[in-house]
Protein chains: 2
Amino acid sequence: MAGLQLGAKDSGSAGVHRGVAVLDFILRLVAIIATLASAIAMGTTNESLPFFTQFIRFRAKYNDLPTFTFFVAANSIVSAYLVLSLALSISHIVRSGAQKSRVVLIFFDTAMLALLSAGASAAAAIVYLAHKGNTRTNWFAICQQFNSFCERISGSLIGSFGGIVVFIILILMSAVTLSRRH
Amino acid sequence: MAGLQLGAKDSGSAGVHRGVAVLDFILRLVAIIATLASAIAMGTTNESLPFFTQFIRFRAKYNDLPTFTFFVAANSIVSAYLVLSLALSISHIVRSGAQKSRVVLIFFDTAMLALLSAGASAAAAIVYLAHKGNTRTNWFAICQQFNSFCERISGSLIGSFGGIVVFIILILMSAVTLSRRH
């Protein structure tokens, strides 16, 4: 009788775990799209101004600023990691009792969260400077000249910050699953 | 016999858990010192140049740049959170079987990791700019003039990045403990 009850509880909890695993898979897909979109939006940013002198053409590209190069690299690495992590995520849908692989996922998710949030906020700091400038240091806002460039780099931050939120949810879900097992 | 073996295994695993909980407590103390030192080092940065005109004194303070204000705020919030989290950490040393409070800790640790890494890397992006400048955007390096200011702001990043590493280890340790319980 006790064995039967335990069995019923186990299968119910396995069902919950499977649901969480499916949600984990979907959230990873969302994060892949978000970070990939960020990387592509930033990586293809390129504006040439309609006027130019004999010697200089006024062009703005994302890799004029090293921080934006880091942003593209961080987003690409995170989205590549997410694609690889889908394999483990699928294995959790099939084998809902897995523990070690969940710990591995939490560890890498945490490291990738740190990388993504580093890239996103470093870029955000520079984007803020491009918009507002800073009078004390004589860094002037460049967004008056490079209007569409600035819109593009501001927009590309959204995907990254979305990805950060998804990562926090993913880590929370993994921790809850680990604590509820059996 | 089986019951005895189980009991022995349980008490062995409780010992390991207690050791991990003590390590967790120590790491939190390290992180408090690191983030607090970062906040104070940045927050007290202030350089007046020895020459001044009749109207302008050349001064550099951390809050001339909003990013550094964010850095100080982020580090202060994280170190205040860490002080509060010591209470839960101590309760884990006493009651090594606790699960829900560990999940709560993982969640907040993750959120604080994201905040700390955002503050640290945004500040790092600006520090890099202060050192190197950027010719394409006409943002000039300010470190020639404000030498000790620049040394100070660069140094204050160290504590923050140390704190990030400690947070990743803390989250990993909590995850391992959750997976090994029973």
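A compact table of results
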item: Residue list for segment A:4-24, filter: at pLDDT 75 or above and open to solvent by less than 50 Å² (accessible area, probe 1.4 Å); result: A:15, A:17, A:19, A:20, A:21, A:24
item: Filtered residue count, segment B:25-47, keeping only those that are assigned to a helix (DSSP H, G or I) and among the charged types (D, E, K, R); result: 1
item: Matching option when the condition is at pLDDT 95 or above, surrounded by 18 or more Cβ atoms within 10 Å (Cβ to Cβ), hydroxyl-bearing (Ser, Thr, Tyr) and in a helix (DSSP H, G or I), among A:110, A:177; result: A:110
item: Filter result for the condition that a residue is within 11 Å of another protein chain (Cβ to nearest Cβ), free of Cβ contacts under 8 Å to residues at least 60 places away in the same chain and not in a helix (DSSP H, G or I), over A:130, A:141; result: A:141
item: Segment B:47-86 - residue that is at pLDDT 90 or above and open to solvent by 70 Å² or more (accessible area, probe 1.4 Å) and, of those, nearest to the other protein chains (Cβ to nearest Cβ); result: B:70
item: Criterion: open to solvent by 20 Å² or more (accessible area, probe 1.4 Å), in contact (Cβ under 8 Å) with a residue 60 or more places away in the chain, within 26 Å of residue A:163 (Cα to Cα) and more than 7 Å from chain A (Cβ to nearest Cβ) - qualifying residue of B:155, B:162; result: B:162
item: Filtered residue count, segment A:87-107, keeping only those that are open to solvent by 20 Å² or more (accessible area, probe 1.4 Å) and within 27 Å of residue B:117 (Cα to Cα); result: 5
item: Residues that are touching a Gly at 6+ places or on another chain (Cβ under 7 Å) and closer than 30 Å to residue B:25 by Cβ, drawn from segment B:99-149; result: B:116
item: Unmet requirement for residue B:90, which otherwise passes all of (1) closer than 23 Å to residue A:167 by Cβ; (2) touching a helix residue (DSSP H, G or I) at 6+ places or on another chain (Cβ under 7 Å); result: (1)
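The values are calculated or read from the model by the stated rules, or taken from the named source; none is laboratory data. Predicted, not measured: the structure shown is a model, and the values here were computed from it. All Cβ positions, even for glycine, are placed from backbone atoms using ideal geometry, and neighbour counts span all protein chains on display. To get the accessible areas, we keep the full protein, side chains included, count just its heavy atoms, and leave off ligands, DNA and RNA. Shrake-Rupley method; radii C 1.70, N 1.55, O 1.52, S 1.80 Å.
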